[in-house]
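Trainee: Dropping the structure in here first, questions after.
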Amino acid sequence: MLSALEKANVLTEALPYIQKFAGKTIVIKYGGHAMVNPELEELVLKDIILMKLVGMNPVIVHGGGPIIDKWLEKVDIKARFVNGLRITDEATMEVVEMVLVGKVNKGIVNLINRFGGKAVGLCGKDGNLVIAEKKQVTVKNQAGEETFQDLGLVGEVVKVNPEIIQKLTEEGYIPVVSPVGVSSGGETLNINADYVAGALGGALKAHKLVLLTDVEGIYLGEGRESLASRLTASEIPRLIQEGVIKGGMIPKVESCLAALEKGVENVHIVDGRKPHSMLLEIFTNEGIGTMVVKG
Ligand SMILES: Nc1ncnc2c1ncn2[C@@H]1O[C@H](COP(=O)(O)OP(=O)(O)OP(=O)(O)O)[C@@H](O)[C@H]1O
Ligand SMILES: [Mg+2]
């Protein structure tokens, strides 16, 4: 345990970081896979409340994969994925929207409010926050040919209207965004939360994008030693091509690339299972996880 003096030292050490980040927007993707432990969830949300109290503007985008899977199972719908994206028919979409917007979003909002913060939950439909269109994807078949794959009601972000987020942050609220978008024709679309976080980061001209997940960062091989602390944007397509980055990590790195492209300077994939990993990332010089940089 730290002595009182050590605690005071820790606080003063954080001062330059607090000054540096005052007024800056930080978009945090809180992955469903990192959300499964209630004690950790409490720590993550309290860290975010602290960030808000010291003058930053945190914006949360949440996932919810494991919770959606649980509810799909309850209604006998089989979960299927292609390249980390959920194949979403109408029945699946109904469950996705109910679980993400109804249960997961309000669960996070309720906890933040209980811990003394002020949170407001939104999805892409609120204030036309996230306008999307159906995502077109190609996959390789067994013969190695590229073929079109219909994912159903899976969306790709076309436009973000961030005004509602700006209004809420100005008024002292922490916005909590569910990754459900709407098409120009009013169709509800399921969007991977990583993409929403990247697009929101870009639209808000965020200072930082933090993707909290259930791994330490991006591994380039087997085992912990292969963790990349820094990757350059130009290295990423090859890593996906070679299958080093796969599944749920693909939308994450693509979101990082989109955010960098839109001018977000600091883009990090961080382990959401480690207590206070995000605070360490922000308030110290310790580079943890994987940082993706331009170039
Ligand atoms: N090169 C890689 N390095 C690290 N993880 C990788 C890599 N390639 C694929 N992955 C996978 O990506 C997963 C993280 O993405 P996943 O979609 O499962 O979680 P999440 O996005 O945090 O949660 P949710 O999708 O519920 O919001 C890791 O658990 C790991 O299995
Ligand atoms: Mg994911």
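The values are calculated or read from the model by the stated rules, or taken from the named source; none is laboratory data. From a predicted model like this one, the values you see are computed outputs, not experimental measurements. So basically every Cβ, Gly included, is an ideal-geometry build from the backbone, and we count neighbours across all protein chains shown. Note: areas computed on protein heavy atoms with side chains; ligands, DNA, RNA excluded. Shrake-Rupley method; radii C 1.70, N 1.55, O 1.52, S 1.80 Å.
Trainee: Just a yes or no: is a residue in segment 66-86 at pLDDT 95 or above, away from ligand 1 (no atom under 14 Å from the Cβ) and open to solvent by less than 10 Å² (accessible area, probe 1.4 Å)?
Mentor: no
Trainee: Still on this structure, please answer the following. When the residues of segment 281-295 are filtered to those that are more than 16 Å from Ile26 (Cα to Cα) and assigned to a loop (DSSP other than H, G, I, E, B), which remaining residue is least open to solvent (accessible area, probe 1.4 Å)?
Mentor: Looking at the filtered set, the residue picked out is Gly289.
Trainee: I've got another one for you. Look at segment 229-280 and say how many of its residues are closer than 23 Å to Arg86 by Cα, open to solvent by less than 40 Å² (accessible area, probe 1.4 Å) and within 16 Å of ligand 2 (Cβ to nearest atom).
Mentor: 14
Trainee: Which pairs turn up if I take residues in segment 246-263 that are over 15 Å from Ile191 (Cβ atoms) and look for partners that are open to solvent by 50 Å² or more (accessible area, probe 1.4 Å) and assigned to a loop (DSSP other than H, G, I, E, B) with beta carbon separation below 8 Å, at least 6 apart in sequence or on another chain?
Mentor: Lys246/Asn83; Gly247/Asn83; Leu260/Lys294; Lys262/Lys205; Gly263/Lys205
For every residue, the table says whether it meets (1) in contact with a strand residue (DSSP E or B) (Cβ under 8 Å, 6 or more places away or on another chain); (2) without any contact (Cβ under 8 Å) to a residue 40 or more places away in the chain; (3) exposed (fewer than 14 other Cβ atoms within 10 Å of the Cβ).
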{"site": "Cys123", "(1), (2), (3)": "yes, no, no"}
{"site": "Ile131", "(1), (2), (3)": "yes, no, no"}
{"site": "Lys140", "(1), (2), (3)": "yes, yes, yes"}
{"site": "Gly144", "(1), (2), (3)": "no, yes, yes"}
{"site": "Val176", "(1), (2), (3)": "yes, no, no"}
{"site": "Val180", "(1), (2), (3)": "yes, no, no"}
{"site": "Gly185", "(1), (2), (3)": "no, yes, yes"}
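Trainee: May I pose another question? Any residue at all in segment 93-108 that's open to solvent by 50 Å² or more (accessible area, probe 1.4 Å) and more than 27 Å from Pro162 (Cα to Cα)?
Mentor: No, the conditions are met nowhere in segment 93-108.
Trainee: How many of the residues in segment 205-221 are buried (at least 22 other Cβ atoms within 10 Å of the Cβ) and either more than 12 Å from ligand 2 (Cβ to nearest atom) or of a type in the set (A, V, I, L, M) (or both)? I'd like the intermediate steps shown before the answer.
Mentor: Residues of segment 205-221 buried (at least 22 other Cβ atoms within 10 Å of the Cβ): 206, 208-213, 217-218.
Checking the rest, the ones that are also either more than 12 Å from ligand 2 (Cβ to nearest atom) or of a type in the set (A, V, I, L, M) (or both) come to 206, 208-212, 217-218.
Qualifying residue count, segment 205-221: 8.
Residue by residue, here is whether (1) within 16 Å of ligand 2 (Cβ to nearest atom); (2) surrounded by 20 or more Cβ atoms within 10 Å (Cβ to Cβ) holds:
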| residue | (1), (2) |
| --- | --- |
| Leu11 | no, no |
| Ile26 | no, yes |
| Tyr30 | yes, yes |
| Leu43 | no, no |
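Trainee: Let me ask something else about it. With within 16 Å of ligand 1 (Cβ to nearest atom) and of a type outside the set (D, E, K, R) as the only criterion, which of Asn192, Asn161 stands out?
Mentor: Checking each option against the conditions leaves just Asn192.
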